[in-house]
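Taking it in order: structure first as structure tokens, then the write-up.
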Amino acid sequence: MEITSESSTSTCSHCQRDIPTSNIDLHYAHCSRNLQKCAICGDMIPRKHADDHYNESHAPLDCSLCSEKVERELWSLHKGERCPQRIITCEYCEFPLPAVDLLKHQEICGNRTEYCDICHKYVRLRERIYHDIQFHGNSAGTAEPSRDAGTAERERAQRRPARAQRSSHRRILLTVAVTGAVVAIGSFFLQKRIDGQQ
């Protein structure tokens, strides 16, 4: 125990807190019997709650998506950037899917083509920005590269919802078409089965 004469306090050798000198002996007996220093964060915690403190503050977390144990300090990094099962949106079709599948999906999805209204050619989605810059002078897809950046950015922002809406309509049409095809095929096979049983 360290005694500070000018303020009449002493430093407890167990918890390192300044305690009035008149209470130091009683404090030390209570402190050393009931408190322990956490080996990880250095906080003084009641001995009876040491396991709870570890589980709530320091124990690795189980990721519900990938079942990996992750240290608490790395949890936000894992959840936001490293978990292979985190959901990421495809930059081409805006479809949400697990990060582990994104590369394969974008390889296929980026090879789809979209009609360029300026040069009247079909361009792969993955090459659309490069195409617009190389053949049309900018990444907005307009033939007027001399416009100021603010105008071009506003036009791009206006086109984004329209593109997302077209993409959404395409997805709905694709879903309806696939569902219709499946129902037609199923009906065909069911009819064959019924005809075969008669």
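The values are calculated or read from the model by the stated rules, or taken from the named source; none is laboratory data. Given the structure is predicted, the values throughout are model-derived calculations rather than measurements. Quick reminder, even Gly has a Cβ in these numbers, built from the backbone with ideal geometry, and neighbours come from all protein chains shown.
Worth pointing out:
- Failed criterion for Ala50 (all others in (1) modelled with pLDDT of 90 or more; (2) within 30 Å of Ser13 (Cα to Cα) hold): (1)
- All positions within the stretch 95-122 that are surrounded by 11 or more Cβ atoms within 10 Å (Cβ to Cβ) and of a type in the set (Ser, Thr, Tyr): Thr113
- Any chance Tyr130 is surrounded by 14 or more Cβ atoms within 10 Å (Cβ to Cβ) and among the aromatic types (Phe, Trp, Tyr): no
- Of the strands (runs of 3 or more DSSP E) contained entirely in the stretch 74-175, those carrying at least 1 residues that are more than 30 Å from Leu61 (Cα to Cα) and either at pLDDT below 90 or touching a strand residue (DSSP E or B) at 6+ places or on another chain (Cβ under 6 Å) (or both) fall at 113-116, 121-124.
- Residue match in the stretch 92-100 (condition: touching a Phe, Trp or Tyr at 6+ places or on another chain (Cβ under 8 Å) and farther than 30 Å from Ser8 by Cα): no
- Condition check for Tyr92: closer than 29 Å to Cys31 by Cβ, surrounded by 14 or more Cβ atoms within 10 Å (Cβ to Cβ) and among the hydroxyl-bearing types (Ser, Thr, Tyr): no
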